[in-house]
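The values are calculated or read from the model by the stated rules, or taken from the named source; none is laboratory data. The structure displayed is predicted, hence computed values, not measured ones. Note: ideal-geometry Cβ built from the backbone for every residue, glycine included; neighbour counts use all protein chains shown. Calculation scope for accessible area: heavy atoms of the full protein, side chains included, ligands and nucleic acids excluded. Shrake-Rupley method; radii C 1.70, N 1.55, O 1.52, S 1.80 Å.
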Amino acid sequence: MKKIILSLIGIILFISLNSCWFGNDDEHENDIKLDIYGIDNDYHDYHKTIYLEDEGNFIVDMNSEVNYYDILASRIGYFTNLYDCEFGDTINVDLDIVVANKFCGVVFGEGNPPWSSTVFDIFYNSPNTLLNFYKDSLLIKSYVTDFNGRFAIDIEKGDYDCHVHPDSITNYFSNVKVNTQSNYQDIYYDFPSFVKKPNIYIYPTEETILSVKLNFLQGGNVTKSIPNYDNGNGWKNLTVKPNGTINDKYGFLFYEAIQPDKWQYKTGWVIKNENLETFFGQNLTETGFIEKEIDEFIEYWIPRLNKFDYYALYPQYKSEIDKLIELKISQKPDNILRLFYVIDGMNKKINLTEPTIPEFNRVDFVVTEWGGILR
C-alpha cells in the first residue's frame with residue numbers, strides 16, 4: 001500500500017512539474033489570445049503570444065527592435081480581429097460575438113515575406129471575398145464576406161474544399177480545407193503573387209506543329225500573353241522551327257500570370273545592385289540558358305531593378321514551378337529548363353543559404369523558360 005501511495009505522489013508531482021514547464025492552455029480557455037507577429041531590424045522573426053482577461057486598451061511595447069506588427073486577437077465565441085500597428089501604439093481590443101447556430105469565421109490573406117521562412121506572415125483582411133464550398137467537386141454553398149472579411153453561413157457539418165476568390169477581375173482562387181463541425185474557423189488563404197514576363201523558348205529537332213497549355217494546379221490564370229493565350233485551351237496549332245521561331249513571327253511565348261505565393265524562400269543569393277547584370281549573366285549560363293535567352297532576360301529585368309541597394313534572389317527551379325504552373329506541350333520535349341527568380345529589394349544585406357543549381361542536359365528537343373516575381 002505504501003508503494004502505491006508513493007507511486008501516486010510521484011505521478012502527481014510529474015504532472016505538476018510538466019504543467020509548470022510547458023504551460024497549461026486550459027487556464028486561458030476564456031481569455032483573449034493575442035498572437036503578435038513582426039520582424040526586427042535584422043530581419044529576424046518575432047512572435048509572442050499574450051493573454052488578456054478582458055477587452056480594452058493594449059500598449060504595443062513588447063520589443064523596441066520591432067517597428068511593425070500584425071496582431072491577431074481571438075477568443076472562443078468571438079470573431080477574430082486583425083490589428084496592423086507600430087511599436088508604441090495603443091490598440092483597443094474589442095471583439096464581436098459570433099452569430100448563433102451558423103458556421104462563422106474571418107477570411108485573412110496570408111503572405112510570407114522572403115526574409116522569413118518560419119514564423120512571420122503578413123496578414124490582410126479580405127472584405128467582399130467570394131467563398132465557394134465544395135464537397136466531392138460539387139458546389140454546395142457560396143458566400144461573400146462582409147466589410148470585415150467575416151462570414152456567418154448555414155451549412156451542414158462536414159469537410160469541404162473552400163475556394164477563396166479575393167477579387168472578381170481574375171480567375172485566381174486559393175483552395176483551403178474547411179471543417180464545419182466546430183461552428184467556427186478562420187480561413188487563411190495564400191495571397192497571390194504575380195509572375196512577370198515568363199518567356200517560353202521552344203526548340204524542336206524539326207519544324208513541328210505544337211499546342212502549349214499552362215495548368216495552374218493551386219489556382220491562378222494567365223493575365224497577359226503574346227500571342228494570345230486562351231485560358232481554356234492555351235496556345236493552339238503553333239508552327240515552331242528548330243531555331244525557336246514561332247509562326248514565323250515570334251521568338252518565344254510570352255505571358256504573365258497570377259498564382260498563390262507558395263514559392264521557396266529557404267535558399268537564394270543577395271546581390272548588390274551594381275553587380276546584378278554580371279550575376280544574372282553568370283547564373284543563367286550556369287543554369288543552362290544560352291546567350292540570346294540571357295540577353296533578353298537582362299534587357300527586361302535590369303532597368304526594373306534600380307530602387308534598392310541589394311536584391312535577394314530566390315530561384316524557383318522546375319521542381320518548384322511545376323507544383324504551381326504545369327507546362328503541357330502536345331509533343332513531349334526531351335529536356336525542359338524552367339527558372340523563375342523571386343526578387344526582393346532591400347537596403348540592408350541579409351545572409352541566405354546558397355542554392356544548388358540542378359543539372360540540365362541541353363540536347364534534342366529542348367524547351368526553356370525564365371521569369372521573375374518582383375516583391
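Structural remarks
- Spacing of the modelled spin labels on Thr205 and Asp161, each 7 Å from Cα toward Cβ, amounts to 3.8 nm.
- Debye, to nearest 20: dipole size of the chain, +1 on Lys, Arg Cβ, -1 on Asp, Glu Cβ: 1120
- Per residue solvent-accessible surface (Å²) - the chain, probe of 1.4 Å: 53
- Label-to-label distance, nm, for residues given as Asn41 and Asn171 (7 Å Cα→Cβ offset): 4.9
- Residue (of Leu52, Thr180, Leu284) at the positive-pole extreme of the chain, dipole from beta-carbon charges: Leu284
- Within straight-line cross-link reach of Lys241, lysines at Cα separation under 25 Å, skipping those fewer than 8 residues along the same chain: Lys197, Lys213, Lys224, Lys249, Lys292, Lys318, Lys328, Lys332
- Taking a straight Cα-Cα cut-off under 17 Å and skipping sequence neighbours fewer than 8 places away in the same chain, the aspartates and glutamates within cross-link reach of Lys102 are Asp146, Asp154, Glu156, Asp159, Asp186.
- Here the extension length gained between Lys241 and Gln218 equals 5.0 nm, from 0.36 nm per residue of separation less the Cα-Cα distance.
- Inter-label distance, nm, simple model (7 Å from Cα along the C-beta direction), Asn335/Asp230: 3.4
- Theoretical FRET efficiency, 1/(1+(r/R0)^6), r = Cβ-Cβ of Ile140 and Lys349, R0 51 Å, to 0.05: 0.50
- Nearest-ten-degree value, helix 2-22 long axis tilted from longest Cα axis of the chain: 50
- Surface share of carbon and sulfur [accessible, 1.4 angstrom probe, percent] for the range 97-251: 49
- Relative to the longest principal axis of the Cα atoms of the chain, the long axis of helix 291-301 makes an angle of roughly 50 degrees.
- Computed on the Cα atoms alone, the convex hull of the chain gives a volume of 211 cubic angstrom per residue.
- Highest-MSF residue in the chain out of Asp136, Asp309, Asp334 [GNM, Cα springs under 10 Å]: Asp136
- A dipole drawn for the range 266-356 from +1 and -1 charges on Cβ atoms has a positive end, and of Val342, Gln331, Leu305 the residue lying farthest that way is Val342.
- For Asp54 and Asn179, the FRET efficiency from 1/(1 + (r/R0)^6), where r spans their Cβ atoms and R0 equals 45 Å, is about 0.90.
- With all pairs of separate Cα atoms included, the range 167-308 yields a Kirkwood hydrodynamic radius of 18.1 Å.
- Helix axis angle, 276-287 relative to the chain longest principal axis, alpha carbon, degrees: 80
- Residue among Ser174, Ser142, Ser126 with the largest mean-square fluctuation in a Gaussian network model of the chain, springs linking Cα atoms under 10 Å: Ser142
- In this structure, Leu82 and Lys318 have a Cβ-Cβ separation that, at R0 = 35 Å, corresponds to a calculated FRET efficiency of about 0.45.
- Theoretical gain in end-to-end length, Asn148 to Glu277 [0.36 nm per residue, Cα-Cα removed]: 42.0 nm
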